[in-house]
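S.K.: There's a structure below that I have some questions on.
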Amino acid sequence: MNTAIGLLSKVDEALSCGSLGRRSEVLRHVTDLFIVGAPRCSEEDIALFDTVFTRLAAEIEVAARVFLAARLAPIPNAPPITIRALAFDDAIEVAGPVLAQSERLDDVALIENASTKGQEHLLAISRRRTLSEAVTDVLVIRGDRQVALSTVENPGARFSEGGFARLVQRAEGDDRLAESVGFRPEIPPQLVLM
């Protein structure tokens, strides 16, 4: 508990001093502290780090948020509120690593992001290790050609029959997309014949 109080007081001090350099320094220190201890963090610890990161991230420049996103994205038990805020950041340099890697983002968050953000955010989502049918449906509908290709060429992506039908329609006149769709082993047979 003393560590928690000490950590919060350092954050309050960094925020009150007004120096972006000091805030970034505290962010780096807290990030390193979390990453080293992440495997042993309890849910209470993660909630504390979530509070700290949320307070710091609201007051720092893009470069510091990029650092935070890159460091937290691959951590399985990263603070969920922070991860969500980073994923919905307008700067793709911040959102990209989190959208592509973070296991903390569920389908609801991914679908919301894919439904409201731009093509770069959709492209980052399309690169995730696994994608559910619900997520790929949104990517196939909203995504541009690059997003559609990235999604269909992702071996961890799963497609609904409707998603496949949409891809087949989009592939008309696009040899690379048609070939990529045709190579999917789970494509419904009736769509192959179209």
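S.K.: Highest GNM mean-square fluctuation, the chain, Cα pairs closer than 10 Å: which of Leu99, Leu86, Leu56?
M.R.: Highest fluctuation among the options: Leu56.
S.K.: Report the FRET efficiency, 1/(1 + (r/R0)^6), for Arg40 and Ala91, where r is their Cβ-Cβ distance and R0 is 30 Å, rounded to 0.05.
M.R.: Calculated value: 0.40.
S.K.: Divide by every residue of the chain the summed helix terms, -39500 (n - 2.57) for each DSSP H run of at least 4, and state the resulting mean residue ellipticity at 222 nm, rounded to the nearest 500 deg cm²/dmol.
M.R.: -21000 deg cm²/dmol
S.K.: Sticking with this structure for a sec: Roughly how many nanometres apart are two label points built 7 Å out from the Cα toward the Cβ at Ala63 and Asp175?
M.R.: Label-label distance for Ala63 and Asp175, simple model: 4.6 nm.
S.K.: Taking amide H atoms as placed 1.01 Å from N in the peptide plane, list the residues 5 or more away in sequence, or in a different chain, whose amide H sits under 5 Å from that of Ala157.
M.R.: Leu131
S.K.: Near Lys117, within a Cβ-to-Cβ distance under 10 Å, what is the net charge of the other residues, with Lys and Arg +1 and Asp and Glu -1?
M.R.: -3
S.K.: Helix 161-171 against the longest principal axis of the chain: what's the angle in degrees, Cα atoms only, rounded to the nearest 10?
M.R.: The answer is roughly 70 degrees.
S.K.: Kindly write out, for the stretch 104-119 in residue order, the coupling ³J(HN,Hα) from the Karplus curve 6.51 cos²θ - 1.76 cosθ + 1.60 (θ = phi - 60°), rounded to whole Hz, with x marking Gly and Pro.
M.R.: Result, rounded to whole Hz: 6, 8, 8, 4, 4, 5, 5, 5, 4, 5, 5, 7, 10, 9, x, 4.
S.K.: I'd like the FRET efficiency for Arg55 and Ile141, computed as 1/(1 + (r/R0)^6) with the beta carbon distance as r and R0 of 30 Å, rounded to 0.05.
M.R.: 0.25
S.K.: Let me ask something else about it. Where Lys and Arg each count +1 and Asp and Glu each count -1, what net charge lies around Ala73 among other residues with Cβ under 14 Å from its Cβ?
M.R.: With Lys, Arg at +1 and Asp, Glu at -1, the net is +4.
S.K.: Just to be sure I understand: with springs between alpha-carbon atoms less than 10 Å apart, which residue in Pro80, Pro155, Pro97 has the highest mean-square fluctuation in the Gaussian network model of the chain?
M.R.: Pro155
S.K.: Report the accessible area of Arg184, computed with a 1.4 Å probe over the heavy atoms of all protein chains in place, in Å² rounded to the nearest 10.
M.R.: Its heavy atoms expose roughly 20 Å² to the probe.
S.K.: Any idea what the alpha-carbon Rg over 2.2 N^0.38 Å comes to for the chain?
M.R.: Expressed relative to 2.2 N^0.38 Å, the Cα Rg reads 1.23.
S.K.: Which of Phe183, Phe88, Phe53 ends up with the largest GNM mean-square fluctuation for the chain, with Cα atoms connected below 10 Å?
M.R.: Phe183
The values are calculated or read from the model by the stated rules, or taken from the named source; none is laboratory data. Model, not experiment: these values are computed from the prediction. No Cβ is skipped: glycine too gets one built from the backbone with ideal geometry, and neighbour counts run over all protein chains shown. Ligands, DNA and RNA are stripped out before the accessible areas are found, and what is left, the full protein with its side chains, is counted by its heavy atoms. Shrake-Rupley method; radii C 1.70, N 1.55, O 1.52, S 1.80 Å.
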